[in-house]
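Okay, structure first, notes after.
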Amino acid sequence: MIDKNNLINNTQSYGGVWILAEVAGKAIDKVSFELLSRGRQLADARSTELSAVVLGWRINQSDLEELIARGADKVIFVESPQLEHFLVEPHSACLLELIKQYRPEILIAAATTTGRTLMPYLAVRARAGLTADCTELKIDKETGGLLQIRPAIGGNVLATIITPAARPQMATVRPRSTKPAPMQKGRTGEIVRINPPADLLKSCLQRLGFESDQSTHSIQDADIIVAVGRGIGNARNIRIVEELADALDAAIGASREVVDRGWLGYPHQVGLSGKTVTPKLYIAIGISGAVQHLAGMQTAETIVAINEDPQAPIFTVADFGIIGDLFEIVPALTERVRQARKK
Amino acid sequence: MPIFKERSTKNSSGKWVNDKNIAMRIIVPIKQVPSSDDVQLDPQTGTLIRQGVEAIVNPLDLYAIETALSIRDKHGGEIIVISMGPAQAAEALREAISMGADEAVLLCDSVFAGSDTYATAYVLSTAIKRLGEYDLIICGERATDGETGQVGPGIASFLNLPVITYVSKIDELIENHRKQSKHPEGIRVHRLIETGYEIIKADLPVVLTVVKEIAIPRLPTLAGKIRARNLQIPIWSASDLGIEKNQVGLTGSLTKVVKIHKPCIVRKSEKITVENELSRQEAINRLISILQDKLLL
C-alpha cells in the first residue's frame, strides 16, 4: 500500500503545522477558524509555520485571504470540481500526496463528519498516529511532540496521548472547544494553488444529491440550549420545554433516555453518544446527569439545572440549581422570560 | 482452520469466492464494552475500577447488526460477526448470533492487548481478508468506551475500499440488470451530516458505518439464543492471521496514552430548593437576574 522506505519515521525531517480547513459547499466553514486558533498556538510553540490546507472548488480568493488574516502563514488550495463535496478517496489521496511532498509534523482537522471520516482513512495510508476528538492540544516542552488531550472512559477522565515516532502527528479537534481565531489586519501570507492530477481524484463513491435538514446541526450552533431528560415523563410534556426554548430563542437538547424512548430525534441528543455542545447557556430540565451526558455539555459557559432530586449529579456541574417540580417551575419561568424579553 | 469452507471455496487463482446460492455476504465487526455509565475511577490511583462492571455489546454496534439482518431479510445471504478482544468477548459474538447473525469469529491473542485504533483496524482488516469475498462491511458509528469512531474508516483504508460513514438509511441495493444477476453490485444510502443528508451511491464491496437513526435493533429470539449457546466460535490468534507481534498491541500502536487525569470542574454552585409558591418565585427571580447579568436575556 505504501512504500515504507519512503516514510521512514524520521521525526527530524518533518516540520510545520497544518490545519485542514473545513469546506461547506464553496465556502470555508467557521470551524476552520477554531483550528487556526489551535494551530497558531502550536506553530508558535514550535517556532514554525502554520499552513491551512483547503480542498475544494471555486473558493473565493477573499475566503483564502481570511485564513491568512486569522493566523495562517500559508494557504495550500487544492482545487478540482471532484473536490467540491467530500468523498473519502480523492480527499485522502490528495492529502497523502501533500504530506509526502511537504512533510508537516502536525496535521489537525475538525472532529466533524468529514474530519472524523477523512482523518482515520488518511492516517492508515500515511501510517500516522491519530487521536480523535481532542479538547486540548499542547506542545511538550521537552520533546517538542504534540500532547493530544481528550476525554476518555465516559468523560470521567482526560487522557493525554502522544505519537512517539510516526509523523505527521494527527488529531481531530472537537468543534466549539475553543474560540475562533480573530481577524488581524495587515497579516500577510502566501497562497499556493494546486491542480491535482486525475489519478488522485478517482472515487468508487458518487454523491447523487443532498437533502438539507437544519435540525440536525442547530444544537451545536446554538447560543442557548434548553435540554430535557427523562424527568419530563412522556413525549406530550415536552411541549412545556419547547415553550421555554421558544421564549429564549433556544435550541432543544435531549438526554440519551429521551432519544432512546423516541420522545425526541437523535439530532437533539447531547452527550458522548450524541453531540458535544458549548453554548453560552445550558438549561438542563429533568436531566439527572449521567456521566455520558455531562461529558457532552459540561463546557457550557453557564449551566442551570432544574431537577427534583437534590442528589442528581447534574447539580455538580451547574452554576445555578433549582430543586423542585419541573412542571411547576418551567411554565412559571417561561412566563417570566417572556416578560423580561418584552422590555 | 475453519474458514467457512462449506460455503466458500478457493478458485484456481487462490481467491476465496462465494457459493453463488448466497446472495449477500456481510461482515459486521463488533466490540465488547463495559456498560459505560457504571465505570468508576479509583480516586487514589486514578485507574479504572473494572471489577464488577458488566460487559455488553457496544450499543452502537447493535444498529450495524440490525442493518445487516434487515438486508439479509430482503436479499438473503449470510452475516459474519467478528470481534477482537479477550476470551470473554465471545459473549458479545453470541449475542449477535442470538439476534440472527450466522457465523462468528473471535480474534483473541494476548499480543493484541493495548492496540490503538491503527493496530486494531489492522488486525480486523487482516481477519476480514481471511474470510474471503464479501459484499458489505457494516460497523457501528463508534464504540461507547473508546469513543473514537476511527476503526471503521481504518478498516476500509487497510482493505483499500471506500467508506461511507454516518449512514442513516439504506435506500436500495442495486442489481446489475445487464448481467441478469440477482447478486447486488451497488448500494445507495443516505448519510447524516451536520447540515442534512447526502445521498451516496457506491459499488460493492464497500464499508459502511451506521448511526442510530438507521433502524431499531431487534431483540434476540429464543431459537437464536439456543443456537448462540451451542455454536462453536473459531478463535484466531496473531499467528493464525500471519501477524507479527511487533505489528500489534502497544508496540504496533502509533499513539500512546501517557497520562490519565481527572478533569477538575470549578463552578461556584448555587442551589435553591422550591417547596412552595414563595420559594418558587425567589428561585425564578434569582435565575432571571443571573441571566440578565450575563446578558443572556
Residues of the stretch A:93-151 satisfying the condition of being open to solvent by 20 Å² or more (accessible area, probe 1.4 Å), touching a residue at least 60 places away in the same chain (Cβ under 8 Å), in contact with a Lys or Arg (Cβ under 9 Å, 6 or more places away or on another chain) and over 30 Å from B:GLU198 (Cβ atoms): A:ARG103, A:ILE139
B:ILE260 - would you say it is in contact (Cβ under 8 Å) with a residue 60 or more places away in the chain and either at the interface with chain A (Cβ under 9 Å from one of its Cβ atoms) or in contact with a strand residue (DSSP E or B) (Cβ under 6 Å, 6 or more places away or on another chain) (or both)? yes
At least 3 residues that are open to solvent by less than 10 Å² (accessible area, probe 1.4 Å) and more than 9 Å from chain B (Cβ to nearest Cβ) in each: list the helices (runs of 4 or more DSSP H) lying fully within the stretch A:288-343 that qualify. A:291-297
Kindly indicate whether any position in the stretch B:236-247 is within 12 Å of chain A (Cβ to nearest Cβ) and under 43 Å from the mean Cα position of the chain (by Cα). yes
Single unsatisfied condition, A:GLY262 versus (1) out of contact with any strand residue (DSSP E or B) (no Cβ under 6 Å at 6 or more places or on another chain); (2) at negative phi; (3) at the interface with chain B (Cβ under 10 Å from one of its Cβ atoms): (2)
Those residues of the stretch A:268-282 that are facing chain B (nearest Cβ under 9 Å) and in contact with a strand residue (DSSP E or B) (Cβ under 7 Å, 6 or more places away or on another chain) come to a total of 3
Against the condition open to solvent by 30 Å² or more (accessible area, probe 1.4 Å), under 26 Å from B:LEU231 (Cα atoms) and aliphatic (A, V, I, L, M), how does B:MET99 come out, does it pass? no
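Matching residues to (1) part of a helix (DSSP H, G or I); (2) within 21 Å of A:ILE28 (Cβ to Cβ); (3) outside the structural domain of A:PRO180 (by TED's automatic domain parsing):
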position	(1), (2), (3)
A:LEU67	yes, yes, no
A:ALA72	no, yes, no
A:HIS91	yes, yes, no
A:CYS94	yes, yes, no
A:LYS100	yes, no, no
A:LEU107	no, yes, no
A:THR113	no, yes, no
A:ARG116	yes, yes, no
A:ARG125	yes, no, no
Exactly one of A:ALA126, A:ALA152, A:ALA93 is of a type in the set (A, V, I, L, M) and closer than 30 Å to A:HIS293 by Cβ, and that residue is A:ALA152
Restricting to the stretch A:83-124, what's the tally of residues that are facing chain B (nearest Cβ under 8 Å) and among the β-branched types (Val, Ile, Thr)? 6
Please specify each residue of the stretch A:152-164 satisfying the condition of being under 17 Å from A:ILE108 (Cα atoms) and either open to solvent by 10 Å² or more (accessible area, probe 1.4 Å) or outside any loop (DSSP other than H, G, I, E, B) (or both). A:THR160, A:ILE161, A:ILE162, A:PRO164
Among the residues of the stretch A:255-284, the number that are among the hydrophobic types (A, V, I, L, M, F, W, C) and closer than 17 Å to B:LEU60 by Cβ is 3
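The values are calculated or read from the model by the stated rules, or taken from the named source; none is laboratory data. All values derive from a computational prediction rather than experimental measurement. So basically every Cβ, Gly included, is an ideal-geometry build from the backbone, and we count neighbours across all protein chains shown. Accessible surface areas use protein heavy atoms only, side chains included; no ligands, DNA or RNA. Shrake-Rupley method; radii C 1.70, N 1.55, O 1.52, S 1.80 Å.
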